[in-house]
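Reading through the structure tokens given below for one structure.
The values are calculated or read from the model by the stated rules, or taken from the named source; none is laboratory data. Not measured: the values here are computed from a predicted model. Because the Cβ atoms are built from the backbone with ideal geometry, glycine has one as well, and the counts that use them run over all protein chains shown. Surface areas here come from the heavy atoms of the whole protein model, side chains and all, with no ligands, DNA or RNA. Shrake-Rupley method; radii C 1.70, N 1.55, O 1.52, S 1.80 Å.
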Amino acid sequence: MKWRYFRQGLFFGMVRLSALMITLALLGMIAFLFYNGIRAVTWGFLTLPPTDSMTKGGIMPAIVGTLYLTVGAIAVALPLGVASAVYLTEYARQGIFIRIVRIGVNCLAGVPSVVFGLFGLGFFVVFLKFGSSILSGALTLAILILPTIIGAAEEALKAVPQTFREASLALGVSKWRTISRIVLPSALPGILTGAILGVGRAAGETAPIMFTAAAFFTAALPKSIFDEVMALPYHIYVLATAGTHIEQTRPLQYGTALVLIGLVLGIDLFAIILRSRVRRKKRW
Amino acid sequence: MIITTQNVNFFYGACQALSNVTLDFEKNRVTALIGPSGCGKSTLLRLLNRMNDLIDGTRVEGEILFEGRNIYAPDVDPVEIRQRIGMVFQKPNPFPKSIVSNITFAPRLSGVRDGGELDALVEESLKQAVLWDEVKDILDKSAMNLSGGQQQRLCIARALAMKPDVLLMDEPTSALDPISTAKIEELIDTLKKRYTIIIVTHNMQQAARVSEFTGFFYLGKLIEFSSTDKIFTNPDVKQTEDYITGRFG
Amino acid sequence: MNNLKQTLTRHLREIMIRKLFAFFAVLSVLLLGLIVLFLFREGLPLFKEIPVSRFLLGSAWYPTYDPPEYGIWPLIVGSLIVTMFSCLIAVPFGILSAIYISEIAPARIREILKSVIELLAGLPSVVLGFFGMVVLAPWLQETFDLPTGLNIVNASLMLAVMAIPTISSISEDALYAVPREFKEASYALGATKYETIIKVAVPAAFSGISTAVILGMARAIGETMVVLMVAGGAAAIPRGIFDSVRPMTASIAAEMGEAPFRSGHYHALFATGIVLFLITLAFNLIADQLSAKFKKEGCGTL
């Protein structure tokens, strides 16, 4: 008996330790970037373009570029993803068709981000002749986050009690109106959470935009969706690997990394808190 | 005779839930369907407004005539049927909206836009459901704040706002306390002057109290159908008597 | 009835809406098809120049030489090695943390940890790569007295950080789905909590946990920025764990910018993308089968 409890204690110790180490890894990384980056992040850093061949100045064009790309991506992916999820949860009946669609969604979720980049290059940039542009990049990112949105929307739709649908249908309300007036509004908070997480994901991705949208350096802000843009993740990559002044621009790299994780983790945290509030408030 | 079922069989996949049910429901009367759980009484009720359409892999045979028309004919729109045959469920299921929005939800969608007309409809429906006095000052508050019994009466009012001809009630009091149950039963008594009511219940006293006709179901078959008095005092079939007197079920 | 027309239009509308939604649902499959189509469109021309076997098994990757060599075997090996090593780290951490979250942790800590895992999953890979470059690389270099800290160990460690959230959250779902009755039966027979977890919960969730591991590996093999920044970039078969490698993803990302449009090099990078795509597709299909089986078994036990 003693041995059995000893073994249990040992195992629990290991389990706790692994959870602790994961937490520390996250906190450690955040703290490290914060400590090294906070001095670089000034008002000017956030509002000025880079100067002196990107060894001084700020990152404003990269912030704006990331903003355009993510907003574009979510604007495309959200309606498509929600419509897809509505079909899967509300209309589809079990069968081979639905099985194929599910496998399709799962496989799309597993496609490596660099392959999305290649696809974006081959399809949007070359075939559709959008060039390397906000449009190409945003569409590529939209496909990347589509499975995330579908998954979150499906979960939110499934969480709407069946009784709501029955009540509405029993009143002689048509299926579509039941969905649009009752089911979707009830699922809205969950769908929004998924959308916000999708935004976070899109904002942090580098590989899909490398060949489809991201510019090494542009001093001016984009004028149309056919312009190239700078983006925060790509900017970090460029500063950290491709410059001739890698050591000299370290503070800028830390600062940009801090801004990026501040943005991405802030978005994620917002979504997580929103979700837990919604769950707590839910009355059904 | 407002609804008639003729030789109705119903299947969930390979499993037969109803066999050969033939039954007449009279206009402006309360008909109760009783029987042990799983006997098919709720299934039959949900067939009457085509709610079973929503379940995958089900199949109906036979005819269900509503005012002489087979509601399972290919050219019939289930939405239209449900507008005329309302339903109240076992658990109160108000929408997470205000009391007013719950009542006006369906009428608005079927084209009632006029504010005054909608206000009148809200008041009338809530009065019919004997809920008006309790909620008239909190009409814009969420329906989720009401008690279970109030919610169920709101659901009844919501169904009545569509001005249906028939009201189906699927064990409407099984989730409620005795006081709320008594209120709903009283309500059924006043509603039958204007509506045909079909109620499924596992509570035999309730069937005896509220209904004029009773059908007893067992294992997917209609065992006996007659006036409530006769069923409860002098049933023809031994199985019915055994169930009524509590010998099984 | 005057609403015959109304009924008809409603019918029509409902059918149209249904069809529209069905189209959107098929969109994911269509996109997958488009991805395949365009990868092949840009990648297949390579095989007019060299045979598939020399592309896959050739051991020299000199795409800019004259004549160029397009053998991606070292890149494949590079991808597999960092994936394998990262999973050696990520699998135990992922599964143990999942066990902690679903079976042991108090409710409050569980919620916090779940958020931690989710935030970790959300860390941009370029930031992890950056961290590997500025922290891990100098440390490795000094501690082990290496010519460079950008190597297999560094890449594997940072990739593990990326794979842990995937493995942990999917394993946790699988463990959570194990019916209470199983665990209660085990406790009622006098088993300790440890025995219940190891002998009942984990085996019952086994196919779900396997799915988690496979998806974690798929995540690692497809990850780009981390390996691009910290794997060192040597396109050769490594001899030790402190050697540099150039995984497929890194090669694509690093060279696509310089490869002349529709040159042999450009086609070769797309062809590498095809290989990568097929590998991850295989991983995902296996994971899909496993989780489908898990669901079936799960229902069978109820």
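Applying the criterion of being part of a helix (DSSP H, G or I) and touching a Phe, Trp or Tyr at 6+ places or on another chain (Cβ under 9 Å) to the residues of segment C:178-194, the residue that is most open to solvent (accessible area, probe 1.4 Å) is C:193.
Consider residue C:250 carefully, then state whether it is over 18 Å from residue A:207 (Cβ atoms), at pLDDT 90 or above, surrounded by 19 or more Cβ atoms within 10 Å (Cβ to Cβ) and of a type in the set (A, V, I, L, M). Considered against the rule, which asks whether it is over 18 Å from residue A:207 (Cβ atoms), at pLDDT 90 or above, surrounded by 19 or more Cβ atoms within 10 Å (Cβ to Cβ) and of a type in the set (A, V, I, L, M), residue C:250 comes out as no. For residue A:264, are the conditions met, namely being within 20 Å of the chain's Cα centre (by Cα), within 10 Å of chain C (Cβ to nearest Cβ) and of a type outside the set (Gly, Ala, Ser)? Yes: the conditions hold for residue A:264. A residue that is open to solvent by less than 10 Å² (accessible area, probe 1.4 Å), in contact (Cβ under 8 Å) with a residue 60 or more places away in the chain and farther than 25 Å from residue C:110 by Cα can be found somewhere in segment C:156-177.
Among the listed residues C:221, C:209, C:197, identify the single one that is open to solvent by less than 30 Å² (accessible area, probe 1.4 Å), among the β-branched types (Val, Ile, Thr), assigned to a helix (DSSP H, G or I) and more than 20 Å from residue C:86 (Cα to Cα).
On the way: C:221 fails: more than 20 Å from residue C:86 (Cα to Cα); C:209 fails: more than 20 Å from residue C:86 (Cα to Cα).
Only one candidate qualifies: C:197.
Among the residues making up segment A:220-278, those that are open to solvent by less than 10 Å² (accessible area, probe 1.4 Å), small (Gly, Ala, Ser) and touching a residue at least 40 places away in the same chain (Cβ under 8 Å) are A:231, A:255, A:257, A:271. Taking the numbered list (1) buried (at least 17 other Cβ atoms within 10 Å of the Cβ); (2) in contact (Cβ under 8 Å) with a residue 12 or more places away in the chain; (3) within 12 Å of chain A (Cβ to nearest Cβ) in turn, residue C:32 passes all entries but (2). Does segment C:50-57 contain at least one residue that is within 9 Å of chain A (Cβ to nearest Cβ), at negative phi and among the aliphatic types (A, V, I, L, M)? No; the residues of segment C:50-57 include none that is within 9 Å of chain A (Cβ to nearest Cβ), at negative phi and among the aliphatic types (A, V, I, L, M).
Conditions tested, residue by residue: (1) more than 17 Å from the chain's Cα centre (by Cα); (2) more than 14 Å from chain B (Cβ to nearest Cβ); (3) open to solvent by 20 Å² or more (accessible area, probe 1.4 Å).
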position: A:166; (1), (2), (3): yes, no, yes
position: A:169; (1), (2), (3): yes, no, no
position: A:179; (1), (2), (3): yes, no, no
position: A:183; (1), (2), (3): yes, no, no
position: A:193; (1), (2), (3): no, yes, no
position: A:197; (1), (2), (3): no, yes, yes
position: A:202; (1), (2), (3): no, yes, no
position: A:206; (1), (2), (3): no, yes, no
position: A:210; (1), (2), (3): no, yes, yes
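Taking segment A:93-114 on its own, how many of its residues are outside any helix (DSSP H, G or I), within 7 Å of another protein chain (Cβ to nearest Cβ) and farther than 14 Å from residue C:278 by Cα? Number satisfying all stated conditions: 2.
Does residue C:59 meet the test of being among the polar types (S, T, N, Q), without any contact (Cβ under 8 Å) to a residue 24 or more places away in the chain and open to solvent by 30 Å² or more (accessible area, probe 1.4 Å)? Please lay out each step first, then the result.
Numbers: among the polar types (S, T, N, Q): yes; without any contact (Cβ under 8 Å) to a residue 24 or more places away in the chain: no; open to solvent by 30 Å² or more (accessible area, probe 1.4 Å): yes.
Spelling it out, it is not the case that residue C:59 is among the polar types (S, T, N, Q), without any contact (Cβ under 8 Å) to a residue 24 or more places away in the chain and open to solvent by 30 Å² or more (accessible area, probe 1.4 Å).
Assess whether residue C:23 counts as being aromatic (Phe, Trp, Tyr), within 14 Å of another protein chain (Cβ to nearest Cβ) and over 21 Å from residue C:277 (Cα atoms). Explain how you work it out, then say what you get.
Details: aromatic (Phe, Trp, Tyr): yes; within 14 Å of another protein chain (Cβ to nearest Cβ): yes; over 21 Å from residue C:277 (Cα atoms): yes.
So residue C:23 passes the test.
Just to check your reading of the model, which residue among B:134, B:123, B:171, B:186 is away from chain A (no Cβ under 12 Å), open to solvent by 60 Å² or more (accessible area, probe 1.4 Å) and in contact with a Phe, Trp or Tyr (Cβ under 9 Å, 6 or more places away or on another chain)?
Working: B:134 fails: in contact with a Phe, Trp or Tyr (Cβ under 9 Å, 6 or more places away or on another chain); B:171 fails: open to solvent by 60 Å² or more (accessible area, probe 1.4 Å); B:186 fails: in contact with a Phe, Trp or Tyr (Cβ under 9 Å, 6 or more places away or on another chain).
Answer to the check: B:123.
The test for being within 12 Å of chain C (Cβ to nearest Cβ) and in a helix (DSSP H, G or I) holds for residue A:90. Scanning segment C:102-116 for residues that are closer than 20 Å to residue A:13 by Cα and either more than 7 Å from chain A (Cβ to nearest Cβ) or surrounded by fewer than 20 Cβ atoms within 10 Å (Cβ to Cβ) (or both) yields C:102, C:103, C:104, C:105, C:106, C:107, C:108, C:109, C:110, C:111, C:112, C:114.
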